[in-house]
Amino acid sequence: MDMNLNFSELGKKSAYETQYNPKLLFPIPRAIKRAELGINDANPGFYGVDIWTHYEISWLNTKGKPMVAIGELRYLASSTNIIESKSMKLYFNSFNNTKLKDADELINHVEKDISLAIGAPAKFTIIQLNETFDINLEKHAFCLDDLDIECDTYKPDSNFLFCENNETIKETVYSNLLKSNCLVTEQPDWGTVYIEYKGNQINHEGLLKYIISLRNHNEFHEQCVEKIFNDIKLRCCPKELTVYARYTRRGGLDINPYRTTNEKFEVNNKRLIRQ
């Protein structure tokens, strides 16, 4: 079997499909490159395993609410094929707007599809972010992601933002469900957003729905954060406001925009688990 990368997406401008498509996987026989090294594929003289860590796993639950996690994929070095890396990324991105019953359904899809592509059993494990979360947040910070909400809006909608009462509070909330797309390439951008404010309490369910509504929005990281800042400021009129997004890296770089009403600000630049 010849390795013809002309049929792969490597080096090409690719459409980022967001509905489940296992046909995006592009297998490459190990034997071809091993032969160039003088290695007998049937008896290579070593054992081993290939381990992939995927920091950008996402899908929709049955209510349309995004789920995010870290995934670990393992298969033995004795498998017939490897998977070309860009095709692997495109494959996982095809789950982004796909509704699944639970994480087990995702695991079953991935293990079945990868095993078929590589010609050997594959093991896929999901790691929830709350199992590995590691940042110096204040104790009163509240994670919005556990709210059981129904979602069907994936374009920016500031109408989700409203205050519950006229009582002034100060709180910090965060969500790992921030996603938008690059304005130029339309590649998905993933991040965790922190919102600290002083003012009338913002409805948490509405705030999370607003963050999720950016999911298919095409814009640069910096402008997304400034949009969130301005929309909250205009809709909720807080006395103080800070919006800070920690984006995952692309091409070895991450961008972490910080916008605040506090002129004398300090920023914690500690990286998160997905960075």
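The values are calculated or read from the model by the stated rules, or taken from the named source; none is laboratory data. Just so it is clear, the model here is predicted, and its values are computed rather than measured. Note that each Cβ is placed from the backbone with ideal geometry, even for glycine, and that neighbours are counted across all protein chains shown.
Look at THR172 and say whether it is more than 30 Å from TRP52 (Cβ to Cβ) and not in a helix (DSSP H, G or I). Walk me through how you get there before you give the answer.
On the way: more than 30 Å from TRP52 (Cβ to Cβ): yes; not in a helix (DSSP H, G or I): yes.
Criteria met by THR172.
I'd like the full set of residues that are buried (at least 16 other Cβ atoms within 10 Å of the Cβ), more than 17 Å from the chain's Cα centre (by Cα) and not small (Gly, Ala, Ser), limited to the stretch 154-164.
Initial filter on the stretch 154-164 (buried (at least 16 other Cβ atoms within 10 Å of the Cβ)): 154, 156, 158, 160-161, 163.
Pick out the ones that are also more than 17 Å from the chain's Cα centre (by Cα) and you get 156, 158, 160-161, 163.
Hits for the stretch 154-164 are PRO156, PHE160, LEU161, CYS163.
If only one of LYS33, LYS65 is modelled with pLDDT under 90 and basic (Lys, Arg), which one is it?
Working: LYS65 fails: modelled with pLDDT under 90.
Sole residue among the options that is modelled with pLDDT under 90 and basic (Lys, Arg): LYS33.
When you look at ILE51, is it surrounded by fewer than 18 Cβ atoms within 10 Å (Cβ to Cβ) and either under 20 Å from ARG250 (Cα atoms) or modelled with pLDDT under 95 (or both), yes or no?
Numbers: surrounded by fewer than 18 Cβ atoms within 10 Å (Cβ to Cβ): yes; either under 20 Å from ARG250 (Cα atoms) or modelled with pLDDT under 95 (or both): yes.
In short, yes.
Please find, among GLN201, GLN223, the residue that is at pLDDT below 95 and either surrounded by fewer than 21 Cβ atoms within 10 Å (Cβ to Cβ) or of a type in the set (A, V, I, L, M, F, W, C) (or both). Lay out the reasoning, then the answer.
Details: GLN201 fails: at pLDDT below 95.
Criteria check complete, one pass: GLN223.
Could you list, in sequence order, the residues of the stretch 69-94 that are part of a strand (DSSP E or B) and either of a type outside the set (Gly, Ala, Ser) or touching a Cys at 6+ places or on another chain (Cβ under 6 Å) (or both)? Break it down stepwise before answering.
Residues of the stretch 69-94 that are part of a strand (DSSP E or B), as a first pass: 69-76, 81-83.
Once the filter is applied, which keeps residues that are part of a strand (DSSP E or B) and either of a type outside the set (Gly, Ala, Ser) or touching a Cys at 6+ places or on another chain (Cβ under 6 Å) (or both), the stretch 69-94 yields ILE70, GLU72, LEU73, ARG74, TYR75, LEU76, ASN81, ILE82, ILE83.
I'd like to know if the stretch 51-68 contains one or more residues that are within 25 Å of LEU116 (Cβ to Cβ) and part of a loop (DSSP other than H, G, I, E, B). If you could, list the steps in order and put the result at the bottom.
Restricting attention to the stretch 51-68, the residues satisfying the condition of being within 25 Å of LEU116 (Cβ to Cβ) are 51-60, 67.
Going one step further and asking which of them are part of a loop (DSSP other than H, G, I, E, B), we end up with none.
No, the stretch 51-68 has no match at all.
Search the stretch 201-228 for residues that are within 21 Å of LYS170 (Cα to Cα) and in a helix (DSSP H, G or I) and pair each with any residue that is hydrophobic (A, V, I, L, M, F, W, C) and at pLDDT below 95 when their beta-carbon atoms are under 6 Å apart and the residues are at least 6 apart or on different chains.
Within 6 Å, the pairs are VAL225/VAL243; VAL225/ALA245; ILE228/VAL243.
Please determine whether any residue of the stretch 11-24 is surrounded by 17 or more Cβ atoms within 10 Å (Cβ to Cβ), modelled with pLDDT under 90 and of a type in the set (S, T, N, Q).
From the stretch 11-24, those surrounded by 17 or more Cβ atoms within 10 Å (Cβ to Cβ) are 14, 17-18, 20, 24; that's our starting set.
Okay, now just the ones that are also modelled with pLDDT under 90, so 14, 17-18.
Subset that is of a type in the set (S, T, N, Q): 14, 18.
Taking every residue of the stretch 11-24 in turn, at least one turns out to be surrounded by 17 or more Cβ atoms within 10 Å (Cβ to Cβ), modelled with pLDDT under 90 and of a type in the set (S, T, N, Q).
What is the residue count in the stretch 258-275 for residues that are hydrophobic (A, V, I, L, M, F, W, C), without any contact (Cβ under 8 Å) to a residue 40 or more places away in the chain and within 21 Å of TRP190 (Cα to Cα)? Walk me through how you get there before you give the answer.
Taking the stretch 258-275 first, the residues hydrophobic (A, V, I, L, M, F, W, C) are 265, 267, 272-273.
Then drop every residue that is not without any contact (Cβ under 8 Å) to a residue 40 or more places away in the chain, which leaves 265, 267.
Narrowing further to those that are within 21 Å of TRP190 (Cα to Cα): 267.
The total comes to 1.
Do we have LEU234 as among the hydrophobic types (A, V, I, L, M, F, W, C) and not in a helix (DSSP H, G or I) here?
On the way: among the hydrophobic types (A, V, I, L, M, F, W, C): yes; not in a helix (DSSP H, G or I): no.
Judged against the criteria, LEU234 is not a match.
Hey, could you check the stretch 175-195 for residues that are assigned to a loop (DSSP other than H, G, I, E, B) and of a type in the set (S, T, N, Q) and say which is nearest to LEU207 (Cα to Cα)?
Residues of the stretch 175-195 that are assigned to a loop (DSSP other than H, G, I, E, B), as a first pass: 182-187.
From what's left, of a type in the set (S, T, N, Q): 185, 187.
Values: THR185: 28, GLN187: 24 Å.
My answer is GLN187.
Given the structure, is ARG215 surrounded by fewer than 21 Cβ atoms within 10 Å (Cβ to Cβ), under 20 Å from ALA69 (Cα atoms) and basic (Lys, Arg)? Talk me through it step by step, then tell me what you get.
Numbers: surrounded by fewer than 21 Cβ atoms within 10 Å (Cβ to Cβ): no; under 20 Å from ALA69 (Cα atoms): yes; basic (Lys, Arg): yes.
No; evaluated as a whole, the condition is false for this residue.
Assuming LYS270 fulfils every condition listed in (1) of a type outside the set (A, V, I, L, M, F, W, C); (2) surrounded by 15 or more Cβ atoms within 10 Å (Cβ to Cβ); (3) not assigned by TED's automatic domain parsing to the domain that holds LEU147 apart from one, which condition is it?
Answer for LYS270: the failing condition is (2).
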